[in-house]
Structures are given as C-alpha cells and as structure tokens.
Amino acid sequence: METVIAFIIIFGSLVFFHELGHFLFAKRAGIMVREFAIGMGPKILGITKGETLYTIRLLPLGGYVRMAGEDLDKIELQPGFRVGLTFTETGEVKKVYLNRNVSNPDVLFLETESSDFDKELFIEGYNDDGELVRFDISKTAVVVEKGVETIIAPYDRQFDSKSLGHRAMTIFAGPLFNFILAFFIFLAIGLIQGVPTLPTNEPIISDVNNDGPASKAGMEKNDYVKEVNGEPVKTWTEFAAIIQANPEVLLKIQVERGNDLVLLEVIPKKLTEAGKDFGQIGVIYADPVEKNVLKAFYFGGEQTVLWFKRIFELLGMLVTGKFTIDDLNGPVGIYKATETVAQFGIFSLMNWAAVLSINLGIMNLLPLPALDGGRLLFFLFEAVRGKPIDRQKEGMVHFVGIMLLMLLMLVVTWNDIQTFFF
C-alpha cells in the first residue's frame, strides 16, 4: 500500500505540474480552458470554477488541459433547428437552450435561420409570429443542452486565434514545468539533507534499511567494510559492484566497527530490472554533506542538468540500437522501480521523482505525433511556410501517432509484466 500511495503521489505530481504549465500559459494568452484533468478515463470528482471544470479521473497515468477550439468544441445550428433564448438587460442573448421542452417563461423560441457563435456572435431566425429577427450573442453566453451548461468560446478565446509564439509557449510550458519541478525537488533535497562535499567513496555504511539482508545479518550504520570473502575492499564502488554481481550468493563481509572487526554473513536479495538480475542488501552510501543555501541552489541546477544529459544519452543509445525496446519500462516497470527506491527512504523517493519529472519533460518534447514535441514541430513548419498546416491533416497525423503510442505502451507494459511477474 505504501508503494501504491508513493506511486500515485509521484506520478500525480508530475502530471499535475506538467498540465499546470499548459494551463497557466493558456490563461496568460487569453485562451479559454474547458477542463483541467488529472488522470484519464471516467471522472471521479469534478468541480467547476469560473469557466473551467477541474476533474480527477480514475487512471492516474496522465492528464490533459482541454482548450477552447480543440476537438468538437464549435457550436453549429442547422437552419430550422428550434432553440430557446434568454437575454441580458442590454438585449444580448445570454442563454441558448437546445432542448425543445423548456419551462422558463422568459424564454423566446426561435426557428434558426443562421447563426455564428465564433466571430460575428449572432443568431437569426423566425419567432412564433413568423417574423425574421436577429440578436447579438453575449461573449459570455451559455448553451444549455440536456441540463448541461457550456460557456461559448468566441474565436478570440480559442487556441487557434492566438499568435504562433503564444501557442508554442503554451505547448512548451508543460515540459518546461517538469524541468522546473525537478530543480525544486533537488533544491529541497539540498536544503533539507545537505549538499555533498568532496566525495570520499570510502566503503562506509551511511544507513541500513530495516528488514533488508544487511539488517538481518547485523550490519549497522557507520560500519566500515574491509573485506568480502577474504578480498580487501577499498572503495564503495568496488563494494557495490560485488553486491550487485552476486544475487542470492552467500558473502562473508568483514567490517570495522569502532575498534573491533566483525564478520557478517549476508545473502544479497535478487532484483530484476530491464531483464537483468542484480543483488541488493539494503544499505545506503552517502558522501559527507553540508547545509548551505547558495550551494543548495547550485546543487539543484547541477543535478537537473546532469540528469537531462544522462536521459539524452540513453535516448541516443536507443536510437543507435545499444539497447532495445525490451529494455524500456512502462507504468508497471516504473511502479516496480518506485517500490525498490522506496526502501531507501524519502530522499531517494524525492530524487527518483525529480529524475522521472525530467524524463517526462524530455519524452514529451520528442518530435513525435500526439506529443508536445510533435505539435511544436508543426508550429515550426508553420513558421517556415508562413501559414499553418491544414487542421484536418495535422489532426490525422496526431491520431495515427496516438494509436502508435498506445501500441508501444501495450508492448512495453506486456514486457514489464513478463519481466516482473513471470
């Protein structure tokens, strides 16, 4: 249950900040945001505030910001369609009822002849006396259908009406906020835990996890590892490599505790990640640290840049074939990795969350259809051509991209299930 909670909190936070970036920059550009959703699938909770519906959905594996002008957001009334209208004090239409049965006595019924809810904002039609009348529609008018009220989105509030710069920044803001979140997580680690000073790499046990193989064998905090199976150990890197290379193998570890030498027998627990087995005994190494606010800010930026580079290196390995799709992890793999990391405490979880946030930002910036990077690529084409790509063609490309990404997710998830459960 602790792992489930940690996974939901971490993944939910990453998605929230990603979508918050889109949301804030959309609002800043004057774009109407229809919905701010965390999660996918059926709605669990929904609260309407202003013109936006804020929802939490069943599957904590994503989220979205639905902006006006996207999808099937336009209102089009066919000639002859009967609607009911109510008006503001200045005579503008404030509500349009699409239901035929409306009990409100103030409603004026109209048989529509023509209308425009985007740019000209008018509705024209025949009243019950057969007269052709025309009314202006308020910019804040509401359309009511089956009891559900939807605020209209005039063209100047729609995504497509904004400048190329505003649209690009609204899309880029999602990954940007993931990078900013990672920086602040690393900053918090630096402020609370301290910033590492010059590394010593000495094989000193900084902490021992409860119920791990090392704890059961009697290993304690501050133990200095001297030998493993009679072979001297001089660095933590050397010690960690021996542990990882010997899952489920009895190791005789000699440690210096105070002025005494203590011999311990430890069997590393076997773990599997990306199809490879490795050993783990449940101990933590940490370089000496100091608490310094300025150094904590530097640490936050340094770690963000470091992991940014590392993830790009891994992407390069994927492109060059140095590792394959079988080495990729989906939600199941991330869950299992979270379970492993959680054993090492809150700071390890925070570090893991920061790395995942950078990873999410970079993945979304890849120039692939349906991702933020794919949309930014279309904006680049628009900047070069001087006019946007046809919306239908772009929509088809993104639709194909979504299908391919879903297929990839199924393959990766199936690999994860086989790796971790079979």
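The values are calculated or read from the model by the stated rules, or taken from the named source; none is laboratory data. Keep in mind it's a predicted model, so treat the numbers as computed, not measured. For neighbour counting, all protein chains shown are included, and Cβ atoms are generated from backbone atoms with ideal geometry for every residue, glycine included. Remember, those area values only see protein heavy atoms, side chains included, never the ligands or the DNA or RNA. Shrake-Rupley method; radii C 1.70, N 1.55, O 1.52, S 1.80 Å.
As for the stretch 279-292, it holds no residue that is open to solvent by 40 Å² or more (accessible area, probe 1.4 Å), at negative phi and without any contact (Cβ under 8 Å) to a residue 24 or more places away in the chain. On the stretch given as the stretch 396-410, residues that are over 20 Å from the mean Cα position of the chain (by Cα) and surrounded by 14 or more Cβ atoms within 10 Å (Cβ to Cβ) total 1. Candidates are the residues of the stretch 337-380 that are modelled with pLDDT of 90 or more and charged (D, E, K, R); the one that is surrounded by the most Cβ atoms within 10 Å (Cβ to Cβ) is Asp372.
Those strands (runs of 3 or more DSSP E) of the stretch 241-311 in which 3 or more residues are among the aliphatic types (A, V, I, L, M) occupy 251-257, 260-266.
Counting only residues that are more than 14 Å from Ile152 (Cα to Cα) and either surrounded by 13 or more Cβ atoms within 10 Å (Cβ to Cβ) or touching an Asp or Glu at 6+ places or on another chain (Cβ under 8 Å) (or both), how many does the stretch 92-103 have?
Number of matching residues: 2.
Has the stretch 183-190 got any residue that is more than 33 Å from the chain's Cα centre (by Cα) and under 19 Å from Ala286 (Cβ atoms)?
Looking for residues that are more than 33 Å from the chain's Cα centre (by Cα) and under 19 Å from Ala286 (Cβ atoms), one finds none in the stretch 183-190, hence no.
Of the residues that make up the stretch 141-149, is at least one in contact (Cβ under 8 Å) with a residue 60 or more places away in the chain and open to solvent by 30 Å² or more (accessible area, probe 1.4 Å)? No, the stretch 141-149 has no match at all. Scanning the stretch 194-240 for residues that are within 21 Å of Gln343 (Cα to Cα), charged (D, E, K, R), over 35 Å from the mean Cα position of the chain (by Cα) and assigned to a loop (DSSP other than H, G, I, E, B) gives Glu220, Lys221, Asp223. Taking the criterion of being in a loop (DSSP other than H, G, I, E, B), over 30 Å from Thr340 (Cβ atoms) and not small (Gly, Ala, Ser), the residues of the stretch 353-383 that qualify are Pro367, Pro369. Consider Leu368 carefully, then state whether it is in contact (Cβ under 8 Å) with a residue 12 or more places away in the chain, of a type in the set (A, V, I, L, M) and more than 30 Å from Ser163 (Cα to Cα). When the stated conditions are applied, Leu368 does not pass them.
All conditions but one from (1) of a type in the set (Ser, Thr, Tyr); (2) more than 30 Å from Leu349 (Cα to Cα); (3) out of contact with any Lys or Arg (no Cβ under 6 Å at 6 or more places or on another chain) apply to Thr170; the one that does not is (2).
Give the stretch 21-58 a look and list any residue that's assigned to a loop (DSSP other than H, G, I, E, B), of a type in the set (D, E, K, R) and without any contact (Cβ under 8 Å) to a residue 24 or more places away in the chain, or say none.
none
Listed here are the residues, each with its yes/no results for (1) at pLDDT 90 or above; (2) in a strand (DSSP E or B); (3) touching a Lys or Arg at 6+ places or on another chain (Cβ under 8 Å).
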site	(1), (2), (3)
Phe11	no, no, no
Pro60	no, yes, no
Val83	yes, yes, no
Thr86	yes, yes, yes
Lys95	yes, yes, no
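For Ala6, the conditions (1) open to solvent by less than 20 Å² (accessible area, probe 1.4 Å); (2) under 25 Å from Arg167 (Cα atoms); (3) not polar (S, T, N, Q) all hold with the exception of (2).
Mind checking whether some residue in the stretch 312-322 is modelled with pLDDT under 80, outside any helix (DSSP H, G or I) and surrounded by fewer than 18 Cβ atoms within 10 Å (Cβ to Cβ)? Yes.
Residue by residue, here is whether (1) within 23 Å of Gly30 (Cα to Cα); (2) in contact with a Cys (Cβ under 6 Å, 6 or more places away or on another chain); (3) surrounded by fewer than 16 Cβ atoms within 10 Å (Cβ to Cβ) holds:
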site	(1), (2), (3)
Leu85	no, no, no
Thr88	no, no, yes
Pro105	no, no, yes
Thr112	no, no, no
Lys119	yes, no, yes
Gly125	no, no, no
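For the stretch 150-172, filtering for residues that are among the hydroxyl-bearing types (Ser, Thr, Tyr), buried (at least 21 other Cβ atoms within 10 Å of the Cβ) and assigned to a loop (DSSP other than H, G, I, E, B) leaves 0.
Kindly list the number of the only condition in (1) closer than 30 Å to Val102 by Cβ; (2) open to solvent by 40 Å² or more (accessible area, probe 1.4 Å) that fails for Ile192. Among (1) closer than 30 Å to Val102 by Cβ; (2) open to solvent by 40 Å² or more (accessible area, probe 1.4 Å), the lone unmet condition for Ile192 is (1).
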